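The values are calculated or read from the model by the stated rules, or taken from the named source; none is laboratory data. Just so it is clear, the structure is predicted and the values come from calculations on it, not from any experiment. We place every Cβ from the backbone using ideal geometry, glycine too, and count neighbours over all the protein chains shown. Just the protein is used for accessible areas: all its heavy atoms, side chains included, with ligands, DNA and RNA removed. Shrake-Rupley method; radii C 1.70, N 1.55, O 1.52, S 1.80 Å.
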Amino acid sequence: MQEDFLHYIWKHKKIQINQLSTIAGETITINTVGHHNLNSGPDFFNAQLSIGKQLWAGNVEIHVKSSDWFLHNHEKDKAYDNVILHVVWEHDTDVFRKDRTILPTLELKDFIGKDVLSNYEKLFAKPNRWINCEYDFASSDDFVLNNWLERLYLERLERKTKEIESLLKESKNDWEAVLFKMLAKNFGLKVNGDSFFSLAKSIDFSILRKSQSNQQTLEALLFGQSSLLNQDVEEAYSISLVKEYQFLKQKFGLKNSHVLPCYFFRLRPLNFPTIRLSQLAGLYYEHQNLFSEILETNHLDDYYKLLRVSTSKFWETHYTFQKESRASKKTLTKSFIDLLLINTILPLKFCYSKQKGETIHSDIIKIAISITSEKNSIIDAFNNLKKVSKSALHSQALIQLKTAYCDKNKCLQCAVGNALIIK
């Protein structure tokens, strides 16, 4: 038996509410269960109960066993002096108030429905499953699940907001600078994300602003800071980048000793760091005020137009500095732009609107629903249980569900888990 389950039972009144009595035989009538306290102190504040003929207002403490009161040293803590009812699964000892009278105790095991208890035990019976409800997830109600996924998506945006706020603090509230760092990380994808992020952090955004009027200058800045120019090259373009970077390095006092190395190994050529950095440079060359343009854009098709940029001409015939390849225009694909929207632009717009006291949740949700679902091992596993991920909103929500609830056994805080317990 877990204490969290007893909290759930009390909070949602999943008990024989009209038959409750203390171990001393006094009837208990619940007017309000109180406010669930997730911090230190009693578990529920400001409950209102009738015990016998007396109306009480105060706090409720919940334990698996009555003796846990002493195990947790509550008898020495003044925060527990105003407890009016001790709710336990099993009563094994009396607890006394300061005036030596016995604290009323409710023993729950005789008042919980057998179906609820059986469903709870079934949910947590096999810890080695991929998720606890693996065998029942397919039977989850579509209405409950869809509403829960929307809430989870907003919860994931809230989590990302904390990361953005940390970047804002570092950048002294420069939203353009934060956008650049986040975009750089996402341009690097999984393999080079950390490298590109360290690259973006090594450049004061004011330097990038001063370089935006020339695409080659931007490329020299990005390639130089990432140490991709530290090679013997003979191409005129490569030589000009080296010269340009040396000038920028001296002018702005650039340092890149903390920039992580880029990797080419096991990457598709279109994801080579050379190609992605050239595209990133192209994006900032074409859009001098990118953050403002993003704020003004509200439709998915307009985002595709805004972000559909290509490499510079040199990279149309190269994937690396050393070797020429067949000519091809290397433009950001729709699927890559989707990743930028999911991981950077929508979270940033959410955070910005929150800081401004505005609500644009419906606009963000509308776009997230319009974007194709991501594909990864978590999404595939959920879809194998039940075909549920039909959009980016769903895929992001399912990632949040798996990492924040399933992996942490928080079934009692999950709408699916709740529904399975009380079915």
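Just check the stretch 196-244 against the gyration tensor rule for me: Cα atoms, a ≥ b ≥ c as the square roots of the eigenvalues, rounded for a/c under 1.5, and otherwise prolate or oblate depending on whether a/b exceeds b/c. Kindly include the intermediate steps, with their values, before the conclusion.
On the way: a/c = 3.25, a/b = 1.43, b/c = 2.26.
It is oblate, given that a/c is not under 1.5 and a/b is not larger than b/c.
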Listed residue (319, 289, 304) projecting farthest to the positive dipole end of the stretch 250-327, Cβ model: 319
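Express the carbon and sulfur contribution to the solvent-accessible surface of the chain as a percent, rounded to the nearest whole number, probe 1.4 angstrom. It would help to have the intermediate numbers written out before the result.
On the way: 10540 of 21690 Å².
Answer for the chain: carbon and sulfur cover 49 percent of the accessible area.
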Whole-Hz couplings from phi, Karplus 6.51/-1.76/1.60, listed for the stretch 92-100; x for Gly and Pro: 10, 6, 7, 10, 10, 6, 4, 8, 6
Student exercise, the chain dipole from Lys, Arg, Asp, Glu Cβ charges, in Debye to nearest 20: 1060
Highest-first arrangement of 201-209, 248-256, 280-288, where packing means the average Cβ count within 10 Å: 280-288, 201-209, 248-256
Where labels lie 7 Å past Cα in the beta-carbon direction, separation of residue 1 and residue 26 in nm: 2.1
Spin-label model distance (nm) - residue 143 vs residue 323, 7 Å beyond Cα toward Cβ: 5.9
Theoretical gain in end-to-end length, residue 246 to residue 263 [0.36 nm per residue, Cα-Cα removed]: 3.8 nm
Integer Hz, Karplus 6.51/-1.76/1.60 couplings in order for the stretch 67-81, x for Gly and Pro: 5, 5, 4, 7, 4, 8, 6, 5, 5, 9, 10, 4, 4, 9, 5
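Accessible area per residue of the chain at 1.4 Å probe, in Å²? The partial results should precede the final answer.
Working: 21690 Å² over 423 residues.
Ligands and nucleic acids excluded, the result is 51 Å² per residue.
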Dimensionless Rg ratio for the stretch 319-374, taking C-alpha atoms and the 2.2 N^0.38 Å reference: 1.66
Residue-averaged 222 nm ellipticity for the chain, from DSSP H runs of 4+ at -39500 (n - 2.57), nearest 500: -14500 deg cm²/dmol
Under 14 Å, Cβ to Cβ, from residue 396 - net charge with Lys/Arg +1 and Asp/Glu -1: +2
Alpha-carbon centroid distance for the pair the stretch 240-307 / the stretch 25-102, whole angstrom: 60
Unit charges at the beta carbon, dipole of the stretch 56-174: most positive-side option, 125, 93, 135: 93
Total formal charge among the other residues, if their Cβ is under 12 angstrom from that of residue 6, Lys/Arg +1 and Asp/Glu -1: -3
HN-Hα J in Hz across the stretch 159-167 - Karplus 6.51, -1.76, 1.60, θ = phi - 60°, x for Gly and Pro: 5, 5, 4, 4, 5, 5, 4, 5, 5
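Taking every DSSP beta bridge that has both residues in the stretch 30-114, what percent is antiparallel when rounded to the nearest 5?
On the way: 11 of 20 bridges.
Antiparallel bridges: around 55 percent, rounded to the nearest 5.
I'd like the Kirkwood hydrodynamic radius of the stretch 278-372, using the inverse of the mean 1/r over distinct C-alpha pairs, in Å. Walk me through the numbers before you get to the answer.
Working: mean 1/r = 0.0676 Å⁻¹.
Taking the inverse mean of 1/r over all distinct Cα pairs, the stretch 278-372 comes out at 14.8 Å.
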